[in-house]
Ligand code: DOR
Ligand code: ZN
């Protein structure tokens, strides 16, 4: 049994730097043809020159200056910059010309490498206005730093609402949506407000993090919440709601940095994301391939991972394909020093590597 689908896009990845960059890029490129690259590097990506250097470093890890990585498709990093106070709004057109498709807003201290994040939104408004003018997407890590951890996402929604109404042409993505409140909020928003959904927020609740033993490899920001929150996400994704598209937030950290008394947030899902999504859609009886979803815009996994994000970002559909096959395999316990999601577990579906 196998399915061949249009090559998936991942609209939210952390590819990292230095020694981790190569293994993470190569693993990510096994499943995805285009990835939206997060800018929370050290130092952050805030200039056109840094953005170009980072893209060059990513592509160099694939062993060729060009894009081709396999017979089944290509790999294209879609670049972003960090929306911080010291960006001169006049540099936004340069960032767009260098290939940025969006800018990422991190509130202060809410996640990895966000100590330079925004304490209040006002100082960022000139940059956001310039982004609207340049037709760049504003990607938001939607959490209020000072709220209780389970309420942080919901408590940031008024900030998003104010931006959406202040900038009537701005496209906004609420990244790694994790709560039922945000799902309700999105249903009242115009279509130019979308959301990425990770595979881990579709599978985990807080119980999987701290309900039994402490599971540092399930710890991420925003933290997995109640069953009702997870089910609200599953409901929208399986319904094929076009504003919800795939963004893995695959976020590798070395094992010692997670298994620590001050462990980093982030789950490395790149090796398992597609197999786990096939399993999820199958279990719920939702087709994997668009061609099995009937005529029109019926829900399918292929539409979620290979079409809706590109449509939101106004990109051409991805080229190439990906084949997943029903082959049992055991997820390695460690990949290049990083413990992947579902490490040591048996999965029923595998991504087929190109010949
Ligand atoms: O869990 C997370 N890890 N959430 C984020 O927003 C950032 C990411 C990282 O960079 O490690
Ligand atoms: Zn992220």
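Just so you know, all these numbers are worked out from the coordinates, no wet-lab data involved. What you see is a predicted model; the values in this text were computed from it and never measured. Cβ coordinates were reconstructed from backbone atoms using ideal geometry, including for glycine residues, and neighbour counts include every protein chain displayed.
Quick notes on this one:
- Where Rh is the Kirkwood radius over Cα pairs, Rg/Rh for the stretch 22-142: 1.00
- nm² value of the averaged projected area, convex hull over the Cα atoms of the stretch 137-185: 3.3 nm²
- Among beta bridges identified by DSSP and lying wholly in the chain, the antiparallel ones come to about 30 percent.
- Our note on the geometry: Cα centres of the stretch 36-58 and the stretch 121-172, 21 Å apart.
- Relative to one another, the C-alpha centroids of the stretch 302-316 and the stretch 222-251 are positioned 16 Å apart.
- Where the Cα pairs of the stretch 211-295 fall when distances are cut into 5 Å bins, in %: 3, 11, 17, 22, 18, 12, 8, 5, 2, 1, 0
- For the stretch 1-68: span of alpha carbons on each principal axis (Å, largest first): 45, 23, 20
- Percentage relative contact order, the stretch 224-318, counting C-alpha pairs under 8 Å, at least six apart: 27 percent
- Normalised by 2.2 N^0.38 Å, where N is the number of residues, the alpha-carbon radius of gyration of the stretch 315-355 equals 1.49.
- Each listed q (0.13, 0.22 Å⁻¹) maps to a log10 I(q)/I(0) for the stretch 155-290, found by the Debye formula over equal Cα scatterers with no solvent: -0.60, -1.35.
- Counted by neighbouring Cβ atoms within 10 Å, the residues 223, 267, 121 run from fewest to most as 121, 223, 267.
- Across the chain, the relative contact order, built from alpha-carbon pairs under 8 Å that are at least six residues apart, equals 20 percent.
- Counting Cα-Cα pairs of the stretch 58-217 in 5 Å increments starting at 0 gives whole-percent bin shares of 2, 8, 15, 18, 18, 15, 11, 8, 5, 1, 0.
- Rg ratio for the stretch 226-355: its Cα radius of gyration over 2.2 N^0.38 Å, N being its residue count, equals 1.16.
- Kirkwood Rh in Å, taken over the chain so that all alpha-carbon pairs contribute: 20.2 Å
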